Amino acid sequence: MSEPLLLIDGLKAGYGSVEVLRGVHLSVDKGEKVVILGPSGSGKSTLLKCIPYLVRPWSGEIRVDGELVNSDPSTLRRIRSSIGFVFQQYNLFPHMTSIRNVALSLELNRRLPRQESEKIAYSVMSMLGIGELAGKYPLELSGGQQQRVAIARALAIDPKLLLLDEPTSALDPELRYEVVETLYQVAKQGRSMLIVTHEVDFAEAAADRVVFIDEGVIVEEGDAREVLERPRKERTERFLKRLRSKVGNAAT
Amino acid sequence: MDLNRFLFEILPYLAEGIPVTLQLTVLSFALGLALGSLLAAARVFGSAPLSVVARSYIEFFRGTPLLVQIFFIYFGLPALGVKLDAFTASIVAIGLNSASYQAELLRSAIKSIPEEQYLAAESLGMSTLQTYRHIIFPQAIRVATPALVNEFVALVKYTSLASIIGVAELFRKTEYMVSYTFMPEIYLVAAAIYLAICLPTSQFAKTLESKYAIPGFKRALI
């Protein structure tokens, strides 16, 4: 069996003296799309942020493509530039046009000349259907457009693994649609993805695997449809029921 | 006031002080900006002891009168073996004083950039240096610009204190002229000249600000 793309072993992390992750084991294979579900405060966002050390773990091991993630600056930079990260609040750079946002890491990490990196940036943006936004500044865009630019920014470096932290949670229901469409598009390209989201429909249609996390530990994981339709654990079932009724309310 | 005398005697005499006032302002502002940047850097990036040193400097210069600082540097430093002419002493005093204010406004501009911007830069694999250079400073300088211009305009007026140690700037010239002609209304002329320097500067700042404003930023604030 080949080595998993992402391997998380015994991960513990928290803020101050509060332990948020209490020993998480998780692996993602190449090309696999994994959705993390869980109530707010369950630690799912922290888990995602620990992978590129945006939050420093307390203990445990994280390996990306076999390489151990640690605090060494050059190791971190190398690993970070092979992973794409999409934030809940987009976190675009407001003083740069969209295309500069997307091209920047190509220039700084890949050392490509500006023209070439903008060409790549533009092709990524066109692929996601946002080529016409290239010259706009982030704050001139709607939330949905900003998030799509943020997805393009994460994809520009052609990452081995794409991490998305609740990419649609900050958006109004009518703007969520366009971002979910973009997620489907990215998922179809066979890229390895680890997504924290409440979009159950997306998980059902596009994910290979669903991981349910609660109170800092993985409660249940397995084939996406199986977990979503026939959860084995009561906690998972209760959460899914609540989530579905909430989503139903929001849609009507 | 006799118009001829005003136009050909009083005004030209006062006008000789304008370049001196401007030189004092620009040079002390530049000194303040250079030193202020270092102090801000010490407070934001420096080790704890360095930060304390910077903070003590700032508190000292903000907490004591500028006039006392000017007197000390001009009259007090020679006792310690440092002798400066009145013009240089004024620049040094006003510059050292302004540095403390500029340091604080630069520091708060850097601190105003949200944590998420650092996280986004880190997530793209940028080094700390790259993050500050490409992400934090370009935004912080926009935040700081209006306050920096305010400081500049304030310095235009503070330079009048240099008259007390004999620098022949605008106010010193005004005082000469008042005591020579016994016409205190000349103070009003001096005030008008200061205003004529400050108003366009503020206006220029507004132009600069809107030119380099982050598009969509105002709308986002509403």
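Nothing in this text is a laboratory measurement; each read-out follows from the coordinates by a stated rule. What you are looking at is a predicted structure, and each value in this text was computed from that prediction instead of being measured. Cβ placement follows ideal geometry from the backbone for every residue including glycine, while neighbour counts extend to all protein chains displayed.
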Taking placed amide H atoms and a strict 5 Å upper bound, the residues 5 or more places from A:Lys12 or on another chain that come that close are A:Gly23, A:Val24, A:Trp58, A:Ser59, A:Gly60
For B:Lys173, the lysines lying under 16 Å Cα to Cα, once residues fewer than eight places off in the same chain are dropped, come out as B:Lys157
To the nearest 10 degrees, the tilt of helix B:137-158 (Cα long axis) against the first principal axis of the alpha carbons of chain B is 20
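Determine, from the Cβ-Cβ distance of B:Tyr212 and B:Glu116 and an R0 of 22 Å, the FRET efficiency 1/(1 + (r/R0)^6), rounded to the nearest 0.05.
Values: r = 22 Å, r/R0 = 1.00.
Efficiency, rounded to the nearest 0.05: 0.50.
Report the gain in length on full extension from A:Ser123 to A:Tyr184: 0.36 nm times residue separation, minus Cα-Cα distance, nm rounded to one decimal. Let's see the in-between values first.
Details: separation 61, 0.36 × 61 = 21.96 nm, distance 1.81 nm.
That pair, A:Ser123 and A:Tyr184, stretches by 20.2 nm at full extension.
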Taking Cα atoms only, helix B:170-181 is inclined relative to the longest principal axis of chain B by an angle, in degrees rounded to 10, of 20
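Indicate the gyration tensor shape class of the range B:1-148 (rounded, prolate or oblate), computed on the Cα atoms with a ≥ b ≥ c the square roots of the eigenvalues: a/c under 1.5 is rounded; otherwise a/b larger than b/c is prolate and the rest oblate.
Numbers: a/c = 3.51, a/b = 1.76, b/c = 2.00.
In terms of gyration-tensor shape, oblate.
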Chain A: relative contact order from alpha carbon pairs under 8 Å, six or more residues apart, as a whole percent, is 25
per DSSP, antiparallel bridges as share of beta bridges in the protein assembly as shown, % nearest 5, sits at 55
Interchain or sequence-distant (5+) residues whose placed amide H lies within less than 5 Å of the amide H of A:Met193 are A:Glu32, A:Lys33, A:Val34, A:Leu162
Along the range B:102-110, Karplus-curve 3J(HN,Hα) (6.51, -1.76, 1.60; θ = phi - 60°) to the nearest Hz, with x for Gly and Pro, reads 5, 4, 5, 6, 5, 4, 5, 5, 5
Whole-Hz Karplus couplings 3J(HN,Hα) for the range B:205-216, θ = phi - 60° and coefficients 6.51, -1.76, 1.60, Gly and Pro as x, run 4, 4, 4, 4, 4, 6, 5, 9, 4, 6, x, x
Karplus ³J(HN,Hα) for the range B:25-41 (6.51 cos²θ - 1.76 cosθ + 1.60, θ = phi - 60°; Hz, whole; x = Gly/Pro) runs 5, 5, 5, 6, 5, 5, 4, x, 5, 5, 5, x, 5, 4, 5, 4, 4
The lysines whose Cα lies under 26 Å from the Cα of B:Lys211, excluding any fewer than 8 residues away in the same chain, are A:Lys136, B:Lys111
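I need the calculated FRET efficiency for the pair B:Asp85 and A:Asp65, taking r as the beta carbon distance and R₀ as 56 Å, to the nearest 0.05.
Numbers: r = 67 Å, r/R0 = 1.20.
Step by step, r from the Cβ atoms, then E = 0.25.
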Candidates B:Thr25, B:Thr64, B:Thr201; GNM for chain B (alpha-carbon contacts under 10 Å) flags as most fluctuating B:Thr64
Taking a crude spin-label model, label points 7 Å out from Cα along the C-beta direction, the B:Ala48 to A:Ser169 distance in nm is 3.5
Across B:Glu185, B:Glu104, B:Glu175, the residue with the highest GNM fluctuation in chain B (Cα network, 10 Å cutoff) is B:Glu185
Simple SL model, points at 7 angstrom along Cα→Cβ for A:Arg235 and B:Tyr180; separation in nm is 8.9
Output field shielding_mean for A:83-93 (other chain Cβ, 10 Å radius) holds 4
From DSSP H assignment alone, runs of 4+ in the protein assembly as shown each adding -39500 (n - 2.57), the sum over residues rounded to the nearest 500 puts [θ] at 222 nm at -17500 deg cm²/dmol
Label model pair A:Ala205, A:Ser40: point-to-point distance (7 angstrom along the Cα→beta-carbon line) in nm is 2.6
The rounded separation in angstrom of the Cα centers of the range A:55-132 and the range B:119-154 is 20
With a ≥ b ≥ c from the Cα gyration tensor eigenvalues, square-rooted, and the rule rounded for a/c under 1.5, otherwise prolate when a/b > b/c and oblate otherwise, the protein assembly as shown is prolate
